[in-house]
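Colleague: One structure, as structure tokens, below. Some questions next.
The values are calculated or read from the model by the stated rules, or taken from the named source; none is laboratory data. Predicted model, so just to flag it, every value in this text is computed and none were measured. Every residue, glycine as well, gets a Cβ built from its backbone with ideal geometry; the counts of neighbours run over all protein chains shown. Surface areas here come from the heavy atoms of the whole protein model, side chains and all, with no ligands, DNA or RNA. Shrake-Rupley method; radii C 1.70, N 1.55, O 1.52, S 1.80 Å.
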Amino acid sequence: MAPILLIAFLFLTLGSPSSRKVFIFRHCVRSTSRKIHAAREGFDKLSDYTDLEELPDWGTPEKWCTRGGFEISEGTGRDLRERFIGGGEKVEIVADTSLGRSPHHILYDSSLFDSLDPEEGQPSCRSRGFFNISDEIDIIKKRLASIPMPMDYEEAKVLMQSIIGYGKAGPLTDMKDIYVTERGKLGGAISVIKVFGQMLFYSFASGTPWVPNIPIEDLYKVISWQHFYRAITEFGPKKATANALLLRRILWSLSSPKASHTSIFVGHDGNLNGITSLLNLTQWNIPPYLSGSILPTPPNTGFLIERFLGSEGSEDLMDSEEALGSEESMDSEEPLGSEESVDSEEPKGSEESVDSEEPKGSEESVDPEEPLGSEWSMGSEDSECSVGSGDIVEISYVYPVFWGEGGVRKGGYN
């Protein structure tokens, strides 16, 4: 997974800033799956839908960080430290999986990022009684009927066909209209557009475009279908329940005097979806991505939740025991983790227990003079709310910007 790559260039320092910040990020740009589901029966391979002879050569195993993805994550971490996190701030970093030995003070807690089905360890919550698949499907159908598509569906089929050609599965225009499967996924040509759109955009962002010379505006169009797909399928009680512990931990980080000045949580797009569900966020705009209610969550992007302390900015947003749970489940002074699970020299997990989705990369792949992936913007449609004692909480969406021929460019925060 990507967490270690984002945080490798963040240092722990001490100070007393006038705000508390929480970042919730998605992982790196990764190599993509070679499977397609619920598009056309009997055709589940990418090669069934294209006449291009070669699929992308990612240079990594499936779902590992690409070399370009590693560079973007490294640049993101550097940019956060240099431009956005003050020199006097104490930084806490929480990731979902361990890469084994690490010199940094990092908490690894998979259950925090998915309380129902963590990548490591046992689930913290039970799904029984909260929701069932019928409830989820009803919500998906309602969202499908209410959220506008990023562009005309038939035009999207034609655009994708012009890029990938025709495979033995036949034309996209001959496939079913979008429908909801019994597993709560979307079926039809959208499955093909989603997977190939992700592949085309991620290979471009990695600096190794699979199909060269695609106009950049077309790349943003095709990746928007992956965002639209998730905006339809990944919001509801299941995703909210899976992220309830994470939100509770975020509130503690904003509230407690025992918390760090800046907390960084590095997980997945599902965590961004879950927090969006829990906070009832309905849209954000992060141009040049097609935005609004399709809620784009590209790699290395996420929320910044900042609490600006008022004249009496010492009151908690919520009591620490209430935020974290009862004493039986955890020590109220130690949020979601104990010394047994947080050893800076030996973080939980070993090389033998690391999932095959772990990223790789090396310092040789990074030009220290030209950090990639550090062009950032603050998404519009920021939301604010008062929380007492003259404090203000502001929620923004922060993201690296990809544009132009040649891949990722660098820059700074707006």
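Colleague: Any residue in the range 295-306 that is outside any helix (DSSP H, G or I), under 30 Å from Ser18 (Cβ atoms) and among the acidic types (Asp, Glu)?
Modeller: yes
Colleague: Would you mind stating whether Lys157 is of a type in the set (D, E, K, R), part of a helix (DSSP H, G or I), open to solvent by less than 10 Å² (accessible area, probe 1.4 Å) and in contact with a helix residue (DSSP H, G or I) (Cβ under 8 Å, 6 or more places away or on another chain)?
Modeller: yes
Colleague: Ok, one more. Among Lys194, Lys142, which is of a type in the set (Lys, Arg) and touching a residue at least 24 places away in the same chain (Cβ under 8 Å)?
Modeller: Lys194
Colleague: Still on this model: How do the pairs read when you match residues in the range 283-300 that are touching a residue at least 60 places away in the same chain (Cβ under 8 Å) and open to solvent by less than 40 Å² (accessible area, probe 1.4 Å) with residues anywhere that are aliphatic (A, V, I, L, M) and not in a loop (DSSP other than H, G, I, E, B), using Cβ under 6 Å and keeping only pairs 6 or more apart or on different chains?
Modeller: Going by the 6 Å Cβ cut-off, the qualifying pairs are Ile294/Ala231; Leu295/Ala231; Thr297/Leu272; Asn300/Ile72.
Colleague: May I pose another question? Could you give every pair whose Cβ atoms fall below 7 Å, whose first residue belongs to the range 205-220 and is touching a residue at least 40 places away in the same chain (Cβ under 8 Å), and whose second residue is in a loop (DSSP other than H, G, I, E, B) and among the aromatic types (Phe, Trp, Tyr), counting only separations of at least 6 or pairs across chains?
Modeller: Within 7 Å, the pairs are Ile216/Trp403; Tyr220/Tyr289.
Colleague: All but one of (1) modelled with pLDDT of 95 or more; (2) assigned to a loop (DSSP other than H, G, I, E, B) hold for Asp177, so report the exception by its number.
Modeller: (1)
Colleague: Answer yes or no as to whether Glu41 is surrounded by fewer than 22 Cβ atoms within 10 Å (Cβ to Cβ), over 30 Å from Leu254 (Cβ atoms) and at pLDDT below 90.
Modeller: Answer is no for this residue.
Colleague: Considering only residues that are more than 21 Å from Pro237 (Cα to Cα) and within 31 Å of the chain's Cα centre (by Cα), which ones fall in the range 174-186?
Modeller: Answer for the range 174-186, where residues must be more than 21 Å from Pro237 (Cα to Cα) and within 31 Å of the chain's Cα centre (by Cα): Met175, Lys176, Asp177, Ile178.
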